[in-house]
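Chemist: Handing you a structure now.
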Amino acid sequence: MVLPFIRSDLAQFSAYKPHPGSDTAQPVDSTQIDRLDTNESSEDLPLELQEKLVWTYQELIENNRYPDGGHEKLKNAIATYVNESAHLSSDTFTPVNISVGNGSDELIRSLLIASCLKGEGSIIVAEPTFSMYGILAKTLGIPVVNLTRDKSNFAIDIQAAENAIKNTQNPPIRTVFVVHPNSPTGNALTTAEIDWLKRLPENILVVIDEAYFEFSQTTLGAELLQHPNWIILRTFSKAFRLAGHRVGYCIAHPDAIAILEKVRLPYNLPSVSLAAALIAMENRQLMLLESVPQILTERAKLIQALSQNANLKVWDSDANFIFVQLQSPNIDIKTINQKLRTSGTVVREIHEGLRITIGTPAENSRTLQRIEAIFSK
């Protein structure tokens, strides 16, 4: 049924599906499902932090009151972390450089509203990449220019990007989205790509998504100081193990942050999510140092083990996942995905490959065994 009061172009869009294909095959043992499809942490918060969050909810949060709408305490903590993690002086970034959102998705949407709405701009994305840039833009009626990537290393086609910026008019390119490192392919921005971003004029907004920074330990935070048209996105959903709380943040010039504050929804984060993010910041050594090194070690093990399979092309990764494609014509990627799901490992089928989140050692071991079993047959 087409509803007569709905925009006509929305009928052409597909809604984002967090777990695509989940109904195509059911695991044999539904109690043993390894969920390695959404790049979350496979481990929950340490028990002592769960207990601290419960205590905070019981003793400090007033359910009948609106949450802190200014996020000042959390912004202070984030600014300290950003400076620390980028090896900058303690006063380089302050709360005026930080905006907090209901996940990075809300921040992406706010950036699109602030830069491209009312027919004032188009966006550029290089596929494959995080799909929400294009999805959110299209729901707002903003044109999307899709670029390709080099198949040998998934680098952005810079010449194609420059041609698109030169030739796209009515509306012109206003915002460029890049991911550092990219999802689903796991590659960080190259020196050539970063140099290109530096050359872009200041009337183009450059959004650098560093959702996987804690695993790559590579940031453009210091570079941002010289580029007021750059904005860096980060999230608490990956290394900080807070995917269930939906907290993201961005780092930018104070003038850009002031604009974002104008377009964001009031009280956009629940009190319990604010509390969880603040606890994560205050206990980041416990939360990060215990989990990130293990993930990096497990990532290396998975890459090495899967690379022994002549049927697979395994890409290097700077994130908490790996990307695998087929080199054999004897089986297709959809069949492998379904067989993995049936045996109990859920991964993401995307761009003619599989994106596999790095899980616990036990999950990774089972995944390797299941992949080996598929090809042995």
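The values are calculated or read from the model by the stated rules, or taken from the named source; none is laboratory data. Just so it is clear, the structure is predicted and the values come from calculations on it, not from any experiment. Virtual Cβ from ideal backbone geometry, glycine too; neighbours counted across all protein chains shown.
Chemist: So residue 111 passes all but one of these: (1) farther than 30 Å from residue 150 by Cα; (2) modelled with pLDDT of 95 or more. Which condition number does it fail?
Modeler: Condition (1) is where residue 111 drops out.
Chemist: Would you be able to say whether some residue in the stretch 291-314 is touching a Gly at 6+ places or on another chain (Cβ under 7 Å) and either of a type outside the set (Lys, Arg) or at pLDDT 95 or above (or both)? Write out each step before concluding.
Modeler: From the stretch 291-314, those touching a Gly at 6+ places or on another chain (Cβ under 7 Å) are none; that's our starting set.
Among the residues of the stretch 291-314, not one is touching a Gly at 6+ places or on another chain (Cβ under 7 Å) and either of a type outside the set (Lys, Arg) or at pLDDT 95 or above (or both), which makes the answer no.
Chemist: Go through (1) under 19 Å from residue 38 (Cβ atoms); (2) in a helix (DSSP H, G or I) and name the single condition residue 356 misses.
Modeler: (2)
Chemist: Right, here's the next one. Looking only at the stretch 279-293, count how many residues are assigned to a helix (DSSP H, G or I), within 20 Å of the chain's Cα centre (by Cα) and of a type outside the set (Lys, Arg).
Modeler: Residues in the stretch 279-293 being assigned to a helix (DSSP H, G or I), within 20 Å of the chain's Cα centre (by Cα) and of a type outside the set (Lys, Arg): 6 in total.
Chemist: So residue 204 ticks every box in (1) in contact with a Lys or Arg (Cβ under 9 Å, 6 or more places away or on another chain); (2) within 29 Å of residue 296 (Cβ to Cβ) but one. Which box is left unticked?
Modeler: For residue 204, the failing item is (2).
Chemist: Please determine whether any residue of the stretch 272-292 is of a type in the set (Ser, Thr, Tyr), surrounded by fewer than 22 Cβ atoms within 10 Å (Cβ to Cβ) and closer than 17 Å to residue 98 by Cβ.
Modeler: There is at least one residue in the stretch 272-292 that is of a type in the set (Ser, Thr, Tyr), surrounded by fewer than 22 Cβ atoms within 10 Å (Cβ to Cβ) and closer than 17 Å to residue 98 by Cβ.
Chemist: Another question, then. Can you pull out the residues in the stretch 83-141 that are of a type in the set (Ser, Thr, Tyr) and crowded, with 19+ Cβ neighbours inside 10 Å?
Modeler: 99, 104, 110, 115, 122, 129, 133
Chemist: Among the listed residues 363, 352, which satisfies the condition of being over 30 Å from residue 126 (Cα atoms) and not aliphatic (A, V, I, L, M)?
Modeler: Going through 363, 352 in turn, the sole match is 363.
Chemist: With in contact (Cβ under 8 Å) with a residue 12 or more places away in the chain, in a helix (DSSP H, G or I) and among the small types (Gly, Ala, Ser) as the only criterion, which of 188, 161 stands out?
Modeler: On inspection, the qualifying residue turns out to be 161.
Chemist: For the stretch 237-256: of the residues being in a loop (DSSP other than H, G, I, E, B) and closer than 14 Å to residue 99 by Cβ, which is farthest from the chain's Cα centre (by Cα)?
Modeler: Just the residues of the stretch 237-256 that are in a loop (DSSP other than H, G, I, E, B), to begin with: 237-242, 246-247, 253.
Checking the rest, the ones that are also closer than 14 Å to residue 99 by Cβ come to 247, 253.
Values: 247: 12, 253: 21 Å.
Selected residue: 253.
Chemist: Go over the candidates 220, 269, 233 one by one and state the one that is closer than 25 Å to residue 200 by Cα, out of contact with any Ser or Thr (no Cβ under 8 Å at 6 or more places or on another chain), buried (at least 21 other Cβ atoms within 10 Å of the Cβ) and assigned by TED's automatic domain parsing to the domain that holds residue 188.
Modeler: Testing whether each residue is closer than 25 Å to residue 200 by Cα, out of contact with any Ser or Thr (no Cβ under 8 Å at 6 or more places or on another chain), buried (at least 21 other Cβ atoms within 10 Å of the Cβ) and assigned by TED's automatic domain parsing to the domain that holds residue 188 leaves just 220.
Chemist: Also, I was wondering about something else. Cβ contacts < 6 Å: first residue in contact (Cβ under 8 Å) with a residue 12 or more places away in the chain and over 19 Å from residue 73 (Cα atoms), restricted to the stretch 85-101; second residue of a type in the set (Gly, Ala, Ser) and surrounded by 20 or more Cβ atoms within 10 Å (Cβ to Cβ), any location; separation 6+ or different chain. Result?
Modeler: Cβ pairs passing all conditions: 86/221.
Chemist: Do you know which residues across the stretch 295-308 are within 22 Å of the chain's Cα centre (by Cα) and either of a type in the set (A, V, I, L, M) or surrounded by fewer than 15 Cβ atoms within 10 Å (Cβ to Cβ) (or both)? Steps first, answer last, please.
Modeler: First, the residues of the stretch 295-308 that are within 22 Å of the chain's Cα centre (by Cα): 295-300, 302-303.
Answer for the stretch 295-308, where residues must be within 22 Å of the chain's Cα centre (by Cα) and either of a type in the set (A, V, I, L, M) or surrounded by fewer than 15 Cβ atoms within 10 Å (Cβ to Cβ) (or both): 295, 296, 297, 300, 302, 303.
Chemist: Would you please name the residue that is surrounded by the most Cβ atoms within 10 Å (Cβ to Cβ), looking only at residues in the stretch 142-156 that are touching a helix residue (DSSP H, G or I) at 6+ places or on another chain (Cβ under 9 Å) and within 11 Å of residue 127 (Cα to Cα)?
Modeler: Taking the stretch 142-156 and keeping what is touching a helix residue (DSSP H, G or I) at 6+ places or on another chain (Cβ under 9 Å), we get 142-148, 155-156.
This time we only want the ones that are within 11 Å of residue 127 (Cα to Cα), so: 145-148, 155-156.
On the way: 145: 18, 146: 13, 147: 18, 148: 12, 155: 17, 156: 25.
It comes out as 156.
Chemist: Hey, can you tell me all the residues within the stretch 204-230 that are more than 18 Å from residue 90 (Cα to Cα), hydrophobic (A, V, I, L, M, F, W, C) and either modelled with pLDDT under 95 or part of a loop (DSSP other than H, G, I, E, B) (or both)?
Modeler: Residues satisfying the conditions are 204, 211.
Chemist: Scan the stretch 243-258 residue by residue and report those that are surrounded by fewer than 23 Cβ atoms within 10 Å (Cβ to Cβ), under 19 Å from residue 286 (Cβ atoms) and aliphatic (A, V, I, L, M).
Modeler: Correct list: 243 only.
Chemist: Checking residue 61 against (1) under 27 Å from the mean Cα position of the chain (by Cα); (2) part of a loop (DSSP other than H, G, I, E, B), which single condition isn't satisfied?
Modeler: (1)
Chemist: As an exercise: evaluate residue 336 against (1) without any contact (Cβ under 8 Å) to a residue 40 or more places away in the chain; (2) within 28 Å of residue 240 (Cβ to Cβ); (3) out of contact with any strand residue (DSSP E or B) (no Cβ under 6 Å at 6 or more places or on another chain) and give the number of the one condition it does not meet.
Modeler: (2)
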